[in-house]
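Following: one structure in structure tokens, then a few remarks.
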Amino acid sequence: MSKVIVLDHPLIQHKLTLIRNKETGSKDFRDLVTEVAMLMGYEVTRDMELEDITIETPMGTMESKVLSGKKVGLVPILRAGLGMVDGMLRLIPVARVGHIGLYRDPETLLPVEYYCKLPQDVKDRTLYVLDPMLATGGSAAAAIDFLKDRGAVSIKLVCLIGSPEGVKVVQERHPDVDIYLASLDEKLNDHAYIIPGLGDAGDRLFGTK
Ligand code: PRP
Ligand code: URA
């Protein structure tokens, strides 16, 4: 079974409170999501591999560490996942970015794919799937299906807020994918919105409602 890691760093928790607040407008919402994504990025990349190389400092020779191991791919789920890309890219500027377009059908609540463009070498990368909201889990689980269909073997899911229902679905369908959250909220409402949540992440990011 995969791990569920709730990142309780005080800065993440403080900024998440501002993000949730309905008085926070789109510009601040976007800026805060970027900041939280960067802070989460710092935590979710803790297990990256390092190797020693020899370098010359102005004072002499030393063995020093650089990243080794798998390269990184970021995979935002459109559209709200886009809000988390810049924060992660500030930490890992060489990461490749793939996009998966999914929307949740309001009637069936099932994810519908409308776009998919990924780096060719997804099988050689550690992929971070980005989406602020893990509600029913349908979108995240479908996005991970696409990645696995294209050969991906190392995948982590990074969301701001998850529901117990969504976590269960992803864990059942993808027991190899660890889930990183800034908060595990209480439940879903009758329209599959997370309670207390933050409302509609895409609309708040892009000012579409
Ligand atoms: C939201 C959110 C997730 C999905 C979560 O996107 O960003 O992708 O819903 O719901 P689920 O876990 O029940 O699948 P939405 O479908 O509203 O599209 P948008 O990002 O284009 O607004
Ligand atoms: N999508 C959102 O944007 N918010 C929710 O609470 C659930 C799905």
Identify all residues within region 125-144 that are within 12 Å of ligand 1 (Cβ to nearest atom) and under 21 Å from Asp8 (Cα atoms); write none if there are none.
Val129, Leu130, Asp131, Pro132, Met133, Leu134, Ala135
Here the residues within region 34-81 that are free of Cβ contacts under 8 Å to residues at least 24 places away in the same chain, closer than 20 Å to Ile155 by Cβ and charged (D, E, K, R) are Arg46, Asp47, Glu49
Regarding region 145-154, can at least one residue be identified that is assigned to a strand (DSSP E or B), closer than 29 Å to Asp8 by Cβ and more than 16 Å from ligand 1 (Cβ to nearest atom)?
yes
Starting from residues that are among the hydrophobic types (A, V, I, L, M, F, W, C) and closer than 22 Å to Asp47 by Cα, keep the ones in region 141-159 and report whichever is nearest to ligand 2 (Cβ to nearest atom).
Cys159
For Pro111, the lone unmet condition from (1) more than 21 Å from Val4 (Cα to Cα); (2) more than 8 Å from ligand 1 (Cβ to nearest atom) is (2)
Mind checking which pairs have a first residue in region 167-195 that is under 20 Å from Met40 (Cα atoms) and a second that is of a type in the set (Lys, Arg) and open to solvent by 80 Å² or more (accessible area, probe 1.4 Å), Cβ under 6 Å, 6 or more apart or different chains?
Asp178/Lys3
Go through region 122-161 and report how many residues are among the polar types (S, T, N, Q) and closer than 16 Å to Leu198 by Cα.
1
Determine whether Lys209 is out of contact with any helix residue (DSSP H, G or I) (no Cβ under 9 Å at 6 or more places or on another chain) and without any contact (Cβ under 8 Å) to a residue 60 or more places away in the chain.
no
Could you list, in sequence order, the residues of region 159-208 that are under 24 Å from Ser2 (Cα atoms), among the polar types (S, T, N, Q) and either more than 9 Å from ligand 1 (Cβ to nearest atom) or open to solvent by 70 Å² or more (accessible area, probe 1.4 Å) (or both)?
Gln171, Ser183
Given the condition surrounded by fewer than 20 Cβ atoms within 10 Å (Cβ to Cβ), closer than 22 Å to Val33 by Cβ and without any contact (Cβ under 8 Å) to a residue 12 or more places away in the chain, answer yes or no: does some residue in region 118-128 qualify?
no
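The values are calculated or read from the model by the stated rules, or taken from the named source; none is laboratory data. These numbers were taken from a predicted model, which means no experiment stands behind them. All Cβ positions, glycine included, derive from the backbone under ideal geometry; neighbour counts span all protein chains shown. These area figures cover heavy atoms from the full protein model, side chains too; ligands, DNA and RNA do not enter into them. Shrake-Rupley method; radii C 1.70, N 1.55, O 1.52, S 1.80 Å.
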